[in-house]
Amino acid sequence: MCGIFAYHGPKKNAPEMVIEGLKRLEYRGYDSWGVAYKKGGEIHVHKEVGKIGDFDSKNLNFGSSNISLGEVEDQYEISMGHSRWATHGKVTEENAHPHFTEDKNIVIVHNGIFANYLEVKKELEAKGSKFESDTDTEVIAHLINDYCKKHSFEEAVDKTCKRIEGRYAILVMKKDRSCIIAARKGSPLIIGVGKEENEFFIASDIPAFLPYTNQVNYLDDNQLVQIDKTGIKFFDMETNKEIEKRTIEIDWTIEEAEKGDFAHFMIKEITEQKSTLTRAINQDTNIIEEVAEAIKNAENTYFVGCGTAGKVGMVGEYLFANIAKKHVNFCFGSEFSNYKHFLNDKTLMVCISQSGETADTLEAIEIAKERGVTIVAIVNVETSTMARISDMVIPIKAGPEKAVASTKATTSQLAILTLLAYACDGGINKGKQLLINTAAQINDMLNPRYEEYILKIAEKIMHVESMYIIGRGSNYPIALEAAIKLQELSYIHAEGFAGGELKHGPLALISEGTPVISLVPNDENTKEMISNTIEIKSRGGYIIGISPENHEVFDYWISVPDTHESSPIVNIIPIQILAYQLAVLRKNDPDKPRNLAKSVTVK
Ligand code: G6P
């Protein structure tokens, strides 16, 4: 949520590099963007509303200062940028980052929420500050400037951070200082260590600087970093002491983080499920056994996640009930605090997240940790905050996922939960075999003919007003997940229901031709699912069946392999394809659905 990128180093095209970095981070927010550049003793800013998309850095315009890029002036260049997902204030140029103070002394980019900004804003207004935007970010810039009257720049940033209630990642530059200061609490910031002397990148996510380096330093909460011509220094803001940081090598490649020949990241990532599932399964089984043992021994286990990862957790509840005959609780990250009275040191929390940076899940972890709960993270980004603060980590190994709508991470998370449920029942090898077979069948299923077949149904339903998805058992949460996918990609009203719940209300929504996707695996629910589907068809519903069998009630059949307990994995894939195709047909951007962002680092 909001992308931040900065460059300090000897290359003489820092703003261009920042623009390219922001393009690679655009999945984090795309309401507006902006770049700040330090040159000629001044800081210059260019901002625009909308997506950075194909913006050509030749068109950068830093206003009347008319500075030319590429002119060698300082030994090192400094530039930073931001792509915004609006929280405080509408999508306007004034509200776009970077934000200046009136005297152009301080400039800042920010990801997060400054919860107590109104109180601080009033204080600063009383002292004479004038604000141009509605953002909480501009208040941070003014507060730093105010502290600078009596303190050094470094101290001013530190003091300001201590006044911010909420989660943040900030980058700050000052007119008369050739340095950049960054600090974080709760929102991600990663330092890329460049190949040249004193060359550093700062970004919200690794893919932004992957073309230049795979050597990184992680900034943890309440830490501050200062970069200038003498190098990089890290500080702990709680102890006010300088600290050492280990440089870590990341094993992601730039090819994995680029679109290649695919039209969009989403279809690339859907296709990658041919191999990602195998990667998720074929890893060290010790950690799976260890977590399964912890679930067995815990008095209470909570599966926690948000959005799609939340739906995966909900599937987990069913998988554990059916396979391991073990009750686990599911809860969305944002709802978790309601369970705080039931948490103790015998509780286990299993967090599911692609990014490992989702604020609601991180907050749930904080609540749990305060009560002595053991935390397990099932994450894609192994070096994320969530992975680093958890007691045990199961990496899903899906590689970078850049489309806002999660696809390959979802099926890999489902595979891990399936494996865990089998391991909990003492049958990890049985689970592994089932998943190996599932992966092989997905490999056969994902081909251009399959996509063309789904395209026909996408063309048929592309103009409908509403559609519904039904499922039972472990496929009920998949119906909910299918609804999210269809909503965010097609912008068509879509809702998921438990098959048995239709007769208690939703049947009233069905009229002649209403498309209903019915998930009908071969399992103990098949008969009831068919009955529920017939009830819809009798009221005029147009039935799209996703099933290994072509049941008579279906008007359109999308075939999926018969994978028994892993049917949630194979059933969501044709819906991912359908949602993608609806986006393309309706001229929506499949990688960047309106109003959304990939990594939601605000509550
Ligand atoms: C956003 C994304 C979803 C994702 C959710 C949780 O809403 O658009 O695709 O499922 O965040 O993200 P996480 O990184 O925790 O899986």
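Results for (1) within 25 Å of Glu501 (Cβ to Cβ); (2) away from the ligand (no atom under 16 Å from the Cβ); (3) more than 29 Å from the chain's Cα centre (by Cα), shown as yes or no for each residue.
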position: Gly540; (1), (2), (3): yes, yes, yes
position: Ile546; (1), (2), (3): yes, yes, no
position: Ser559; (1), (2), (3): no, yes, yes
position: Glu565; (1), (2), (3): yes, yes, no
position: Leu578; (1), (2), (3): yes, yes, no
position: Val584; (1), (2), (3): no, yes, no
position: Lys587; (1), (2), (3): no, yes, no
position: Pro593; (1), (2), (3): no, no, no
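Highlighted here are the helices (runs of 4 or more DSSP H) found entirely within the range 115-185 that include at least 1 residues which are touching a residue at least 40 places away in the same chain (Cβ under 8 Å) and closer than 18 Å to Gly81 by Cα: 137-148.
Considering only residues that are touching a residue at least 12 places away in the same chain (Cβ under 8 Å) and surrounded by 15 or more Cβ atoms within 10 Å (Cβ to Cβ), look in the range 249-267 and name the one that is nearest to Ala405 (Cα to Cα). Per the criteria, the residue is Met266.
Candidates in the range 383-402 are the residues that are aliphatic (A, V, I, L, M) and under 26 Å from Asp591 (Cβ atoms); of these, the one that is nearest to the ligand (Cβ to nearest atom) is Met386. Among the residues of this structure, Lys587 does not count as one that is within 19 Å of Gly473 (Cβ to Cβ) and of a type in the set (Lys, Arg). Ala169 meets each of the listed conditions (1) more than 24 Å from Lys23 (Cα to Cα); (2) crowded, with 21+ Cβ neighbours inside 10 Å; (3) of a type in the set (Gly, Ala, Ser) apart from (1). In this structure, Ile569 does not satisfy being crowded, with 23+ Cβ neighbours inside 10 Å, within 19 Å of Leu489 (Cβ to Cβ) and more than 11 Å from the ligand (Cβ to nearest atom).
Yes/no per residue for (1) buried (at least 16 other Cβ atoms within 10 Å of the Cβ); (2) modelled with pLDDT of 90 or more; (3) over 27 Å from Glu48 (Cβ atoms):
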{"position": "Thr101", "(1), (2), (3)": "yes, yes, no"}
{"position": "Lys104", "(1), (2), (3)": "no, yes, no"}
{"position": "Ile108", "(1), (2), (3)": "yes, yes, no"}
{"position": "Lys121", "(1), (2), (3)": "yes, yes, no"}
{"position": "Glu125", "(1), (2), (3)": "no, yes, yes"}
{"position": "Asn145", "(1), (2), (3)": "yes, yes, no"}
{"position": "Ala156", "(1), (2), (3)": "yes, yes, yes"}
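Quick grid of which residues meet (1) aliphatic (A, V, I, L, M); (2) under 26 Å from Thr411 (Cβ atoms):
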position: Ala508; (1), (2): yes, no
position: Ser518; (1), (2): no, yes
position: Asp523; (1), (2): no, yes
position: Gly540; (1), (2): no, no
position: Phe554; (1), (2): no, yes
position: Val560; (1), (2): yes, yes
position: Ile575; (1), (2): yes, yes
position: Val584; (1), (2): yes, yes
position: Lys592; (1), (2): no, yes
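Checked against (1) within 20 Å of Glu138 (Cβ to Cβ); (2) in contact with a Phe, Trp or Tyr (Cβ under 8 Å, 6 or more places away or on another chain), Glu155 passes all but condition (1). Among the conditions (1) assigned to a helix (DSSP H, G or I); (2) over 26 Å from Asn522 (Cβ atoms); (3) modelled with pLDDT of 95 or more, Ala508 misses just one, which is (3). Of the numbered criteria (1) more than 22 Å from the chain's Cα centre (by Cα); (2) without any contact (Cβ under 8 Å) to a residue 40 or more places away in the chain, the one Phe200 fails is (2).
In the set Phe336, Phe330, Phe303, Phe320, only one residue is of a type in the set (A, V, I, L, M, F, W, C), touching an Asp or Glu at 6+ places or on another chain (Cβ under 6 Å) and modelled with pLDDT of 95 or more; that residue is Phe330. Residues that are aliphatic (A, V, I, L, M), touching a strand residue (DSSP E or B) at 6+ places or on another chain (Cβ under 6 Å) and closer than 24 Å to Thr358 by Cα are absent from the range 271-283 altogether.
Conditions (1) on the phi < 0 side of the Ramachandran plot; (2) within 19 Å of the chain's Cα centre (by Cα); (3) within 16 Å of the ligand (Cβ to nearest atom); (4) not aromatic (Phe, Trp, Tyr), marked per residue:
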position: Glu258; (1), (2), (3), (4): yes, yes, no, yes
position: Phe262; (1), (2), (3), (4): yes, no, no, no
position: Asn282; (1), (2), (3), (4): yes, no, no, yes
position: Ile287; (1), (2), (3), (4): yes, no, no, yes
position: Glu293; (1), (2), (3), (4): yes, no, no, yes
position: Asn297; (1), (2), (3), (4): yes, no, no, yes
position: Gly307; (1), (2), (3), (4): no, yes, yes, yes
position: Gly310; (1), (2), (3), (4): yes, yes, yes, yes
position: Glu317; (1), (2), (3), (4): yes, no, no, yes
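Looking only at residues in the range 460-485 that are buried (at least 24 other Cβ atoms within 10 Å of the Cβ) and hydroxyl-bearing (Ser, Thr, Tyr), the one that is farthest from Pro506 (Cα to Cα) is Ser474.
Does the range 323-352 hold any residues that are touching a Gly at 6+ places or on another chain (Cβ under 9 Å) and among the acidic types (Asp, Glu), and which are they? Hit for the range 323-352 is Asp345, nothing else.
Scanning the range 326-382 for residues that are assigned to a loop (DSSP other than H, G, I, E, B), under 19 Å from the mean Cα position of the chain (by Cα) and either crowded, with 24+ Cβ neighbours inside 10 Å or near the ligand (Cβ under 9 Å from one of its atoms) (or both) turns up Gln354, Ser355, Gly356, Glu357, Thr358, Asn380, Val381.
The values are calculated or read from the model by the stated rules, or taken from the named source; none is laboratory data. Quick caveat, the model's predicted, so the values are computed rather than measured. We place every Cβ from the backbone using ideal geometry, glycine too, and count neighbours over all the protein chains shown.
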